[in-house]
1. Filter region 30-59 for residues that are exposed (fewer than 14 other Cβ atoms within 10 Å of the Cβ), assigned to a loop (DSSP other than H, G, I, E, B) and either of a type in the set (D, E, K, R) or at pLDDT 95 or above (or both) and give the result.
2. Would you check which residues across region 160-183 are modelled with pLDDT of 85 or more and surrounded by fewer than 20 Cβ atoms within 10 Å (Cβ to Cβ) and list them?
3. So residue 139 ticks every box in (1) modelled with pLDDT of 85 or more; (2) among the hydrophobic types (A, V, I, L, M, F, W, C); (3) closer than 19 Å to residue 46 by Cα but one. Which box is left unticked?
4. Just a yes or no: is a residue in region 233-251 buried (at least 17 other Cβ atoms within 10 Å of the Cβ), touching a Cys at 6+ places or on another chain (Cβ under 8 Å) and assigned to a helix (DSSP H, G or I)?
5. Are any residues in region 2-29 out of contact with any helix residue (DSSP H, G or I) (no Cβ under 7 Å at 6 or more places or on another chain), of a type in the set (A, V, I, L, M, F, W, C) and not in a loop (DSSP other than H, G, I, E, B), and if so, which ones?
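The values are calculated or read from the model by the stated rules, or taken from the named source; none is laboratory data. If you're wondering where the values come from, they're calculated on a predicted model, not measured in any experiment. FYI the Cβ positions are ideal-geometry reconstructions off the backbone, even for glycines, and counts take in every protein chain you see.
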Amino acid sequence: MEFNYSQEIDPAIYKTHGLDEGIPLRIHKDQHLELNGALRAQRDWTKHISNVNDYKGGLGNPFTFICVTVPECLPDRLELISYANEFAFLYDDKMETFDLKKSFEKETTKMLDAFGDEALDLRVSSKSGPEKRLQAQMLSEMMAVDPARAVTSMKAWARFVQLASRTRSSPFETLEEYVPSRVIDAGELIWFGTLTFGMALTIPDDEYEICMEMARSGYAALGLTNDLFSWDKERHDATEADLDYVFNAIWVIMKERSVSETEAKKICCFEIKKYVSMFKQTVEETRNNHCLSRDLRAYLEAVLYSISGNLVWSIYCPRYHEY
């Protein structure tokens with residue numbers, strides 16, 4: 001991959017807790033564009049859906065989420081994917097804080113209406129809900145930049161909402177059962193849309209399935225990293241929602257193996273390193289494999305930098321460190 005919009009960060013100035021397996025951290029040079037997109041999404045959500053003043057989403061200091069997870073995003077698309085990502089964070093929090101016994105189905109239906117069969121329809125009416133209005137606005141802005149990839153991304157995001165709305169409906173008994181669902185919930189599809197649009201990548205139809213399969217260990221690492229660092233937040237949110245379980249690997253490990261929270265975190269760290277190593281090997285094996293398209297190989301390398309970026313952002317972000 002060529003690096004045109006980012007710079008590598010000196011590893012001496014940030015922590016990884018040994019979970020990065022040597023993947024460099026890179027950061028986009030235009031952080032102000034991410035700031036613009038995230039704050040605009042918060043303002044729009046406050047205006048049309050509910051108040052989110054002082055919201056802890058993707059922003060942080062010194063690392064902001066999109067700039068370290070998509071360091072080679074084209075500059076003219078950075079604000080757009082930052083807006084979309086903040087929208088995803090807001091939706092994720094909304095799903096986590098609902099009492100599933102009373103509100104989950106109703107609120108999920110609202111988001112499915114926005115990202116369902118009409119996800120590619122830019123038309124809104126007086127009957128359209130606020131989620132649909134914001135979704136149509138995002139799609140319109142993306143279409144103005146890159147129509148083909150905007151459609152690909154929105155289809156992927158719509159599929160993500162449809163699948164992820166079902167992953168948290170009941171607890172998992174084992175980590176083996178949990179990880180595939182966590183890959184879905186961690187945003188395998190939404191991140192596919194984000195990377196392909198943000199970096200102007202096109203995965204050929206005949207390579208799509210192999211692309212998703214090759215990236216799966218990377219998404220497992222991303223999901224488990226999120227679980228490790230968001231544990232306190234998600235446990236708090238589950239308690240607020242009056243749930244008797246937490247959709248998180250730490251909870252699953254504690255229950256499955258009858259271990260303490262501290263021991264469960266150690267096991268989670270081991271699993272993260274295992275999946276990162278597996279994915280690093282996949283990237284190395286495919287980097288010079290010209291039987292695969294250039295964009296597929298670039299996509300896999302982009303996921304690799306998402307892993308280190310997500311890890312470091314998770315360690316420092318306000319989102320996970322106020323509980």
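1. Scanning region 30-59 gives a single hit, 54.
2. Scanning region 160-183 gives 173, 174, 175, 176, 177, 180, 181.
3. If we test residue 139 against (1) modelled with pLDDT of 85 or more; (2) among the hydrophobic types (A, V, I, L, M, F, W, C); (3) closer than 19 Å to residue 46 by Cα, just (3) comes out false.
4. There is at least one residue in region 233-251 that is buried (at least 17 other Cβ atoms within 10 Å of the Cβ), touching a Cys at 6+ places or on another chain (Cβ under 8 Å) and assigned to a helix (DSSP H, G or I).
5. If the condition is that a residue be out of contact with any helix residue (DSSP H, G or I) (no Cβ under 7 Å at 6 or more places or on another chain), of a type in the set (A, V, I, L, M, F, W, C) and not in a loop (DSSP other than H, G, I, E, B), then 12, 13 are the ones that fit.
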